[in-house]
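Trainee: Have a look at this one before I ask anything.
The values are calculated or read from the model by the stated rules, or taken from the named source; none is laboratory data. Bear in mind that the values here come from a model prediction, so they are computed numbers and not experimental data. Neighbour counts run over all protein chains shown; Cβ positions are idealised from the backbone, glycine included. Surface accessibility is based on the protein's heavy atoms, side chains included, excluding ligands, DNA and RNA. Shrake-Rupley method; radii C 1.70, N 1.55, O 1.52, S 1.80 Å.
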Amino acid sequence: MSTPESPRLRPLVLVALALSLGAAVSLGITRFAYGLLLPVMRDDLQWSYTLAGAMNTANALGYLLGALVTPWLMRRFGAVAVLLGGALLASVFMAASGFFTAAGPLLLQRLLAGVASAFVFVAGGLLAARLGARLPEHAGLLLGLYYGGTGWGIALSALGVPALLGAAHGVPHGWAWAWWGLALACVAATAALAWPARLLHEEERSARANAGSKPDLAPNPLPWRRMAPALAGYTLFGVGYIGYMTFVIALLREQGVGAGAITLFYALLGLAVVASARIWAGLLQRARGGGALALLNALLGVATILPALTGAWPVVLASGLLFGAVFLSVVASTTAFVRHNLPQAQWAAGISAFTILFAFGQIVGPTVVGWIADGPGGLARGLVYSAVALWLGAGLAWRQKALAYSISTSQEP
């Protein structure tokens, strides 16, 4: 049924959906497609699980470096320019990964792709938060649509990578074709981002001009201590979730799951990410403290441990659907927390703070899970470690209270 705000909501939904292609590039393809390539690259290049995990650790380190400089870049060039520039760089670095077989250059490419993906993801998150400010009663939905774009990238990777690997069957290092195909997908998404970027550029230019006409006041520092439970919970989310996304495909192959079933599993996981925008929109709109982050972390821990306990196909499929329906909403919950609890002038700093600590967690996760997987218990034991990290993060996030900030004042109490 139509509602009075529907005419105002529909164009914002379209912009958020177009903007979500940035999330598709930065995470859905640049980071998570690697999980599909890990088994074939590991077999071809004779990697240990520790080295295979280190590839995503390098990506996470690059993401951290990118997150550290993104606030400065956005102040210097604007969020729109950082979004488009980062997407183009991510495309280049994805293509470069197809030209090397030695571990050193591949680690470097994964690191550089991580830097570029941080540019895209942080800038896109800020633009999505600004979009939500136009219609605050639907901000949760608009944020979810942006972050849910990661699912389109995962689903595209799930369908495209096996097809490209099949086409390159018998070709030495045929996995390189998949990297090049994914790079082309990133280029196409970058071109499509031009439309929302053009729409948001004028608004950003006006905001920057208005900011330049005001007295140059020192910005209030972030309330780090009062945000500590949410920040710690999100760091452990980074530790826990990345182990699943890096190694779950390898685990399914070890359990004897066929190629078609793995494609179905990963594609449905991606589509569940897209659906999560609608599933959790109300929670993101209501939750002012750490409740949303705690609940979503706890559910993610359940999804992560299921394939470690059993290889039964219905349970494994349920794990993928639950994981997909939850994990990007954890990211959206931190942007919602920033939007609810900080003045708009601090949104970029707040989103970057969460992103930086998230990146620290992601650096630890893949290599540690890979190291555990190389020992007794294998990959299943590594996913148990990931689930425990997520549940510990849920407990910490539950302690986060809403900040007593009033939007009508410029001073933090």
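Trainee: Of everything in the range 364-389, what is at pLDDT 85 or above and closer than 24 Å to residue 225 by Cβ? Give them in sequence order.
Mentor: Passing the criteria: only 389.
Trainee: What are the residue pairs meeting all of these: first residue in the range 358-384, first residue outside any helix (DSSP H, G or I), second residue open to solvent by 30 Å² or more (accessible area, probe 1.4 Å) and hydrophobic (A, V, I, L, M, F, W, C), Cβ atoms under 9 Å, and 6 or more apart or on different chains?
Mentor: 377/384
Trainee: Also, quick follow-up: Exactly one condition in (1) free of Cβ contacts under 8 Å to residues at least 12 places away in the same chain; (2) hydrophobic (A, V, I, L, M, F, W, C); (3) in contact with a helix residue (DSSP H, G or I) (Cβ under 9 Å, 6 or more places away or on another chain) is not met by residue 72; state its number.
Mentor: (3)
Trainee: Is it the case, given these coordinates, that residue 213 is open to solvent by less than 10 Å² (accessible area, probe 1.4 Å) and at pLDDT below 85?
Mentor: So residue 213 fails the test.
Trainee: Open to solvent by 10 Å² or more (accessible area, probe 1.4 Å), of a type in the set (A, V, I, L, M, F, W, C) and touching a Ser or Thr at 6+ places or on another chain (Cβ under 7 Å), is that true of residue 145?
Mentor: The answer is yes for residue 145.
Trainee: Now, a different point. Of all residues in the range 143-188, how many are under 16 Å from the mean Cα position of the chain (by Cα) and aliphatic (A, V, I, L, M)?
Mentor: Counting residues in the range 143-188 that are under 16 Å from the mean Cα position of the chain (by Cα) and aliphatic (A, V, I, L, M) gives 5.
Trainee: Turning to a different aspect of this structure: Within the range 275-291, track down each residue that is surrounded by fewer than 24 Cβ atoms within 10 Å (Cβ to Cβ) and part of a helix (DSSP H, G or I).
Mentor: Of everything in the range 275-291, those that are surrounded by fewer than 24 Cβ atoms within 10 Å (Cβ to Cβ) and part of a helix (DSSP H, G or I) turn out to be 275, 278, 279, 281, 282, 283, 285, 286, 291.
Trainee: Anything in the range 167-206 that is closer than 21 Å to residue 28 by Cα, open to solvent by 10 Å² or more (accessible area, probe 1.4 Å) and at pLDDT below 90? List them, or say none.
Mentor: Once the filter is applied, which keeps residues that are closer than 21 Å to residue 28 by Cα, open to solvent by 10 Å² or more (accessible area, probe 1.4 Å) and at pLDDT below 90, the range 167-206 yields 194, 195.
Trainee: Going residue by residue through the range 22-29, is there one that turns out to be surrounded by fewer than 18 Cβ atoms within 10 Å (Cβ to Cβ) and either modelled with pLDDT of 90 or more or out of contact with any helix residue (DSSP H, G or I) (no Cβ under 6 Å at 6 or more places or on another chain) (or both)?
Mentor: Scanning the range 22-29 turns up no residue that is surrounded by fewer than 18 Cβ atoms within 10 Å (Cβ to Cβ) and either modelled with pLDDT of 90 or more or out of contact with any helix residue (DSSP H, G or I) (no Cβ under 6 Å at 6 or more places or on another chain) (or both).
Trainee: Of the numbered conditions (1) in contact (Cβ under 8 Å) with a residue 60 or more places away in the chain; (2) in contact with a Lys or Arg (Cβ under 9 Å, 6 or more places away or on another chain), residue 323 satisfies every one except a single condition; which is it?
Mentor: (2)
Trainee: Looking only at the range 50-72, count every residue that is open to solvent by 20 Å² or more (accessible area, probe 1.4 Å) and either under 25 Å from residue 237 (Cβ atoms) or touching a strand residue (DSSP E or B) at 6+ places or on another chain (Cβ under 8 Å) (or both) and tell me the total.
Mentor: Count: 9.
Yes or no, residue by residue, for (1) small (Gly, Ala, Ser); (2) open to solvent by 30 Å² or more (accessible area, probe 1.4 Å):
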| site | (1), (2) |
| --- | --- |
| 319 | yes, no |
| 333 | yes, no |
| 337 | no, no |
| 344 | no, yes |
| 380 | yes, no |
| 395 | yes, yes |
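Trainee: Just the residues that are more than 19 Å from the chain's Cα centre (by Cα) and open to solvent by 50 Å² or more (accessible area, probe 1.4 Å), please, taken from the range 86-101.
Mentor: The answer is 92, 99, 100, 101.
Trainee: Kindly check whether there is at least one residue in the range 110-120 that is over 20 Å from residue 354 (Cα atoms) and either open to solvent by 10 Å² or more (accessible area, probe 1.4 Å) or over 20 Å from the mean Cα position of the chain (by Cα) (or both).
Mentor: Looking for residues that are over 20 Å from residue 354 (Cα atoms) and either open to solvent by 10 Å² or more (accessible area, probe 1.4 Å) or over 20 Å from the mean Cα position of the chain (by Cα) (or both), one finds at least one in the range 110-120, hence yes.
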